[in-house]
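Read-outs: derived from the displayed coordinates by stated rules, not from any lab. Everything numeric in this text was worked out from a predicted model, so none of it was measured. Cβ: placed from backbone, ideal geometry, glycine included. Neighbour counts: every protein chain shown.
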Amino acid sequence: MSNIFKTALLLVVLTVLLVLIGGAVGGQQGMLVAFFLALVMNVASYWFSDKMVLAMYGAKPIEESQAPGLYRIVRTLATRAAIPMPRVYLIPSETANAFATGRNPQHAAVAVTEGIMRILDEEELEGVLAHELSHVKNRDVLIATIAATLAGAITYLAHMAQWAAIFGGRRDDEEEGGGVFGALLMAILAPFAAMLIQLAVSRAREYQADASGARLAGKPSGLAKALGKLEAASQALPMDASPATAHLFIVNPLSGRTLLRLFSTHPPIEERIARLRAMRV
C-alpha cells in the first residue's frame, strides 16, 4: 500500500504542476483547461498506451511456432508470477533491448528486439523477461507511461508560459499569480521538477523490477549478466527511440555519452548489477 500511495502522490504532483503552468499561461481559464487536459491524458494513457508504444517501434506479434523458446520462457515465468500469458511482440531492430507495456496483467504485452534474441543465451533472456513480467505484476508500467505523458505536457505548457511571460501574455503584471516574473519562474522550474518526479518513479521501479525479477527467475545471475551485455550493446548501437518512452526499456536505449546521462530514467547499470550480485534468492 505504501508504494501505491507514493506513486499516486507523484502523479498528483505532476497534475498539479500541469494545472499551475496552465494558470501561468491563461489564468483561471488556463488552469481549468490544463486540468481537463490532464484528465484526458490520464484516460488516454490508461486505455491506449500499449498500442501507441508498440506501434511507435514497429513491434509485430510473433507466433509460438516462430519462437518456441521465447514462448516457453514467457509462459513459464507468467505461470510462476500467477499472471495471464502476455502477448509477445518482436521489434525489428538490431539494438538489444526489451520492454513491457499494458494497463494491467490482463492486457499486457512484452516486446523484444531482434538484437536481444541474438546476443543473449537462455539464462540471460529469462532474467530479462522476468524483469519485464515483474513490471507487469507490479502494475507500474502504466504508472510510468502516465508520468511520462504528464511530464511531457508540463514541459510543453511551460514553453508556452515562457513566451507568454516574455511577450506579456498576462494582461496585468500585478495580477494574482506573480505577474510576468512569477510566470517566467514557473515556466523554468516546472519542467525541471516534472523531470525529477518522473526520474523518481522510473528509477525506483527499475530497482524493484530487478529484485522481483531475480526472485521470479530463481537466480539473479542471468539478469546481472544480461544487463552487462545490454549496456555494452546499447552504447555501441543506440536505438532510434523517443526520449518520452526511453524509460520503458530494460536499459536506456539512447546514447549515454553526454551529461544527460546524469538525468537518465534508468539507474546506473553498475549499481543494478551490484545489487543483483548481492542478492540472496
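Between Met85 and Arg275, what length comes free when the chain is fully extended (0.36 nm per residue of separation minus the Cα-Cα distance, one decimal in nm)?
Computed gain between Met85 and Arg275 is 65.6 nm.
Want the number for Phe35 to Tyr156: 0.36 nm per residue separation, take away the alpha-carbon distance, what's left?
In short, 42.1 nm is gained.
Length gain on complete extension for the stretch Val16 to Ile119, per 0.36 nm per residue less the alpha carbon to alpha carbon distance?
32.7 nm
If one computes the Cα centroid of the stretch 77-113 and of the stretch 199-233, what distance in Å separates the two points?
Taking the Cα centre of the stretch 199-233 as reference, the centre of the stretch 77-113 is 15 Å away.
Within 10 Å, count the other beta carbons around each residue, average over each peptide in 65-73, 48-56, 246-254, and list them highest first.
So the order, starting with the most tightly packed, is 246-254, 48-56, 65-73.
Which distance in nm do the two modelled labels at Ala55 and Ala67 give, with both placed 7 Å along the Cα-to-Cβ direction?
2.1 nm
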